[in-house]
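I have placed the structure first, in the form of structure tokens, so that the comments after it can refer back to it.
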Amino acid sequence: MLETRKITIHVPQGLLDSAMEETGKGITETVREGLERLARKRAYKGLLALEGKVKFKYTAAELRGDE
């Protein structure tokens, strides 16, 4: 299991309510999901920065196993 840390945060009530309504989850799960989305966003930016810099020798058909 991942190491966890108990924290206290202050957030606007309306923002928290809106986020919880969007996720359909409780406070902890909603905050965790928000933090995970931020981490994914950073990873996506890193991948986008590689666009055009990596040579890829396979076609889509080869990856699917069509060829």
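To the nearest 20 debye, what is the magnitude of the charge dipole of the chain about its Cα centre, counting +1 on the Cβ of each Lys and Arg and -1 on the Cβ of each Asp and Glu? Write down the numbers at each step before the final one.
Numbers: 13 positive and 11 negative charges, 90 e Å.
Magnitude of the dipole: close to 440 debye.
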_Just to confirm, what accessible area per residue do you get for the chain at 1.4 Å probe, in whole Å²?_
101 Å²
_Within the accessible area of the chain (1.4 Å probe), percent carbon and sulfur_ = 57 percent
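Run lengths n ≥ 4 of DSSP H only: what is the helix-derived mean residue ellipticity at 222 nm for the chain, with -39500 (n - 2.57) per run over all residues, to the nearest 500? Each step should come with its number before you reach the end.
Values: 3 runs with 39 residues, N = 67.
Taken over the chain, the calculation gives -18500 deg cm²/dmol.
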*asked:* What is the angle, in °, between the Cα long axis of helix 13-23 and the longest principal axis of the Cα atoms in the chain? Nearest 10 is fine, range 0 to 90.
replied: 40 degrees
*Of [x] 5.4; [y] 7.4; [z] 8.5, which is the value of mean projected area of the Cα convex hull in nm² derived from the coordinates here?*
[z]
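The values are calculated or read from the model by the stated rules, or taken from the named source; none is laboratory data. All of these numbers come straight from a predicted model, not from anything done at the bench. Methodologically, a virtual Cβ is constructed for each residue, glycine included, from the backbone with ideal geometry; neighbour enumeration extends over all protein chains shown. We work out accessible area using only protein heavy atoms, side chains counted, and drop any ligands, DNA or RNA first. Shrake-Rupley method; radii C 1.70, N 1.55, O 1.52, S 1.80 Å.
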